[in-house]
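Participant: Structure provided below as structure tokens; questions to follow.
The values are calculated or read from the model by the stated rules, or taken from the named source; none is laboratory data. Note that the structure is a prediction, hence the values are computed from the model and not measured. Neighbour counts are summed over all protein chains in view; Cβ atoms, including those assigned to glycine, are modelled from backbone coordinates with ideal geometry. To get the accessible areas, we keep the full protein, side chains included, count just its heavy atoms, and leave off ligands, DNA and RNA. Shrake-Rupley method; radii C 1.70, N 1.55, O 1.52, S 1.80 Å.
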Amino acid sequence: NPYAGLVSHLRASWLSGKTRPMEYRIAQLEALGRFLDEKKQEILEATELDMGKPSFEAFFSEILLCKNELNVTLNNLCHWMKDEYVDKNLVMQLDSAFIRKDPYGVVLIIAPWNYPIHLFLVPLIGAIAAGNCAIIKPSEISKNTERLVAETLSCYLDNDCFAVVTGGVPETTRLLENKFDYIFFTGTPPVGRIVMTAAAKHLTPVTLELGGKNPCYVSDTCDVTNVARRVVWGRFFNAGQTCIAPDYLLCTVEMQDKLMPALREAITEFFGPNPRESPDFGRIVSDKQFRRIRALMSSGRVAIGGQTDEAERYIAPTVLVDVQLSDPIMQEEIFGPILPIVVIANMDEAIDFINARPRPLAIYAFSCDSKVVNQVLERTSSGGFCGNDTLMHLTLTSLPFGGIGNSGLGKYHGKFTFDTFSHHRGCLHRNMGLETLNTPRYPPYTQQKLGLLTTTFEVKRRGTCTLL
């Protein structure tokens, strides 16, 4: 295997204990901060070349949010690393019971192309913070960013403990043949199954950050203008190539009639009368993705947009109506600048519609009535939820980010990333003396001993708990 030597080298470094001291972890994290600062312009240029990503969007998603994750980690690492002491029973009051946050060892991070810096760097921050060695596999589809990462990251990180592997499917397949101690994958459900199958051969734990068709319910009681602006921003940010973008709208026909002019007005306000000329609207990452997305536009009827240019890989911000559930656009994640509207009769039908499909990465609900938003939250299941806005839950490092079911497995961001890459090791350190306390557990057994054991070990139920 072409990567066996690399994995062995990193494992030897990890076994040496080099990555365990807090000072080492902080030094490597600070080096990532220098990478973001010193390569800022090159990151903006690479993402612009890969998918026409506006510098505003690239700075916000690839640099600012990563710096936030980094600084939250640096600010809190000394607390996160500490042993966590736990409750004890009567017998063990003089002993020490605690949770030790151990690194897993050598971890693999496989990143996608749509946010090619953010989606490898945020997991890497947690992997380093937890004391692991890591191999990073950036996406070959965003080739300019892949080249930047491969050529420059090694100048900042310890090459005995961290490495970048490039290439496509063949290289990733061979890489996955090796035994890793943890695998963190971001991508599509079909590839997630392949990664999980490869991990299962070594009983390697995984985090799978996948996607899905994220529904967006708009109730009849809402501020139509604000809904349109927030949906247009979330759907067309990064030209729709966002795993948590609202994938389709659910609303009544009356709300659709009100939304249509508001959506058209928001698109014009954000991107001008011709979005193709806007410096603030991106492009599709590859010819293959362009053709796939363009084919989806045959579903329903184009109400707004619909223009395309294959040479530029440009697809205009597009809204579709009269969409049928059997249409291709309702069968797969769109991952492009198209927003279909599905008409439903009421909130109950919208909730039934959502629950009849695989659980998505995010659910959005808009209403001036908080009871409506809470109803959607309580009666559905998804990786994350955002009421009266789109995408913004991702920006909080205090919230876990991850999928459920078809949309993924595991969570990260902030302390959740540190915890994901840490083995929570249950530890008990007992006193060598006081043997009399242990006598009730030893044979020969008697009813008297069982009574003593019950008294000292039994956990009794307290009063009932009431949710306020």
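Participant: Can you give me the C-alpha center-to-center distance between region 258-284 and region 406-425, rounded to a whole angstrom?
Facilitator: If you average the Cα positions of each part, the centres end up 37 Å apart.
Participant: Would you work out which of Gly451, Ala228, Cys251 lies farthest towards the positive end of the dipole of the chain? Charges go on Cβ: Lys and Arg +1, Asp and Glu -1.
Facilitator: The residue sitting most towards the positive pole is Gly451.
Participant: Can you pull the three principal axis extents for the Cα set of region 215-406, in Å, largest first?
Facilitator: 46, 34, 33
Participant: Further, regarding this structure: Over region 35-158, give the accessible area per residue in Å² for a 1.4 Å probe, as an integer.
Facilitator: Values: 4510 Å² over 124 residues.
Heavy-atom accessible area per residue stands at 36 Å².
Participant: Under the definition of Cα pairs under 8 Å and six or more residues apart, what whole-number percent is the relative contact order of region 273-361? Mind dumping the intermediate values first?
Facilitator: Values: 106 pairs, mean separation 21.3, N = 89.
Relative contact order for region 273-361 comes out at 24 percent.
Participant: When the dipole is taken about the Cα centre of region 215-406, and only Lys, Arg (+1) and Asp, Glu (-1) are charged at their Cβ, what size is it in debye, to the nearest 20? The partial results should precede the final answer.
Facilitator: On the way: 17 positive and 23 negative charges, 94 e Å.
Charge dipole of region 215-406: 460 debye, to the nearest 20.
Participant: If you don't mind, another one. Taking Cα pairs under 8 Å and at least six residues apart, what relative contact order does region 215-406 come out at, in percent?
Facilitator: Details: 355 pairs, mean separation 53.0, N = 192.
Relative contact order here is 28 percent.
Participant: Given +1 on the Cβ of Lys and Arg, -1 on the Cβ of Asp and Glu, and no further charges, what dipole in debye does region 188-274 carry about its Cα centre, rounded to the nearest 20? Kindly include the intermediate steps, with their values, before the conclusion.
Facilitator: Details: 8 positive and 8 negative charges, 91 e Å.
Dipole about the Cα centre, nearest 20: 440 debye.
Participant: Using alpha-carbon pairs under 8 Å, 6+ residues apart, how would you state the relative contact order of the chain in percent?
Facilitator: Values: 889 pairs, mean separation 87.7, N = 468.
About 19 percent, as a whole number.
Participant: Carbon and sulfur atoms: what percent of the 1.4 Å accessible area of region 321-383 do they account for?
Facilitator: On the way: 1280 of 2770 Å².
Using a 1.4 Å probe with all protein chains present, region 321-383 comes out at 46 percent carbon and sulfur.
Participant: Also: Quickly estimate the mean residue ellipticity at 222 nm for the chain, helices only: each DSSP H run with n ≥ 4 gives -39500 (n - 2.57), and the total goes over all residues, rounded to 500. Intermediate results must be reported in sequence, preceding the final value.
Facilitator: Numbers: 16 runs with 180 residues, N = 468.
That calculation yields -11500 deg cm²/dmol at 222 nm.
Participant: With +1 on the Cβ of every Lys and Arg and -1 on the Cβ of every Asp and Glu, and nothing else charged, how large is the dipole of the chain about its Cα centre, in debye rounded to the nearest 20? Let's see the in-between values first.
Facilitator: Values: 47 positive and 51 negative charges, 342 e Å.
Using only the charged Cβ atoms, the result is roughly 1640 debye.
Participant: Okay, moving on. Rank Pro205, Gly167, Ile344 by how far each Cα sits towards the positive end of the charge dipole of the chain (+1 on Lys, Arg Cβ; -1 on Asp, Glu Cβ) and give me just the farthest.
Facilitator: Pro205
Participant: Using a 1.4 Å probe, what is the accessible area per residue for region 215-406, in Å²?
Facilitator: With the other protein chains kept in place, region 215-406 gives 41 Å² per residue.
Participant: Additional query: Please list Glu312, Glu45 in order of solvent-accessible area, largest first, computed with a 1.4 Å probe with all protein chains present.
Facilitator: Glu45, Glu312
Participant: What shape does region 36-83 have by the C-alpha gyration tensor, where a ≥ b ≥ c are the square roots of the eigenvalues, rounded means a/c under 1.5, and otherwise prolate means a/b greater than b/c and oblate the rest?
Facilitator: Since a/c reaches 1.5 and a/b is larger than b/c, the shape of region 36-83 is classed as prolate.
Participant: What ranking, highest mean first, results for peptides 69-82, 235-248 when packing means the other Cβ atoms within 10 Å averaged over each residue? Intermediate values should be presented prior to the final figure.
Facilitator: On the way: 69-82: 16.4, 235-248: 25.9.
Averaged packing, sorted descending, gives the order 235-248, 69-82.
Participant: Considering the options Leu434, Pro54, Pro116, tell which one lies farthest towards the positive end of the dipole of the chain, charges being +1 on Lys and Arg and -1 on Asp and Glu at the Cβ, about the Cα centre.
Facilitator: Leu434
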